[in-house]
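Everything below concerns the one structure shown next.
The values are calculated or read from the model by the stated rules, or taken from the named source; none is laboratory data. Treat the numbers as computed from the prediction; the structure is a model and nothing was measured. A quick note on method: Cβ atoms are made from the backbone with ideal geometry, for glycine too, and the neighbour counts reach across all protein chains shown.
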Amino acid sequence: MPDASAAPPAEQTPEIKPWYWAASAAALAAMAVAIWLDRPWLLNFVHVMAGVLWTGTDLLMGFVVGPALRSAPFEARRAVSIRVTTRTILLLPTLAIITGTTGWSHAKQLGFLDAAWPAYGWVAAALVLAAILTVQGLCILLPSNIRVYRELRKPTPDPEKIARVMRFYLHVIAIQGLTQVAMIVVMARFVTGL
């Protein structure tokens, strides 16, 4: 049986590719253009697409990939985790920023921020859920992702440290997935009218 602490070959420890940074910058630029043009359809499209990608990724990670990895051997978890992490470490924060920013801009554009009570309750729910998702994503999940990524890149990663961080990470991402489902309920109300 191979030694779990042995350093993997270079091709097994992928890095964050420069084009990931370029894609993230391009997505943020597209968001800025959509906000600047102030076209309801375009702003809605960017908001919905980023939200669908963010929500879908969160749900897939929290309820499919995470549970599947729990029972895998360390080397398999390491191989999958480092590949997933290199792809999501920029993707998820970018999608979170785009979804929240375009959502706020679109809500302002459509006059939802000026809605009277009780309709404003739905707006408040969306704002609270968006704040929870953003804080979880940028302040908890991203730093956890970075810690795991850095540990996995070491020649002799500490499996216990990774397991501890990943257990916490998977619990938070499951909570985030449920929060995303609550946000879908709120967004469905927006679509059908406040």
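Okay, residues lined up against (1) of a type outside the set (Lys, Arg); (2) closer than 21 Å to VAL148 by Cβ; (3) surrounded by 21 or more Cβ atoms within 10 Å (Cβ to Cβ); (4) within 14 Å of the chain's Cα centre (by Cα):
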| residue | (1), (2), (3), (4) |
| --- | --- |
| VAL52 | yes, no, no, yes |
| GLY56 | yes, no, no, yes |
| PRO67 | yes, yes, no, no |
| PHE74 | yes, yes, no, no |
| ARG77 | no, yes, no, no |
| ILE89 | yes, yes, no, yes |
| THR99 | yes, no, yes, yes |
| TRP104 | yes, no, no, no |
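Checking each residue in the range 30-45 for being in contact (Cβ under 8 Å) with a residue 12 or more places away in the chain and either surrounded by fewer than 14 Cβ atoms within 10 Å (Cβ to Cβ) or touching an Asp or Glu at 6+ places or on another chain (Cβ under 7 Å) (or both) picks out ASP38, PRO40. Within the range 1-30, the set of residues being farther than 19 Å from ILE89 by Cβ, touching a helix residue (DSSP H, G or I) at 6+ places or on another chain (Cβ under 9 Å) and at pLDDT 90 or above comprises ALA30 only.
If you go through the range 150-182 and keep only what is under 16 Å from ILE89 (Cβ atoms) and not in a helix (DSSP H, G or I), you end up with just ARG153.
Mind telling me which of the residues VAL165, VAL123, VAL186 ends up being within 20 Å of LEU59 (Cβ to Cβ) and either modelled with pLDDT of 85 or more or β-branched (Val, Ile, Thr) (or both)?
VAL186
Among the residues making up the range 133-158, those that are surrounded by 16 or more Cβ atoms within 10 Å (Cβ to Cβ), closer than 24 Å to THR55 by Cβ and touching a residue at least 40 places away in the same chain (Cβ under 8 Å) are LEU133, GLN136, GLY137, LEU141, LEU142, ASN145, VAL148, TYR149.
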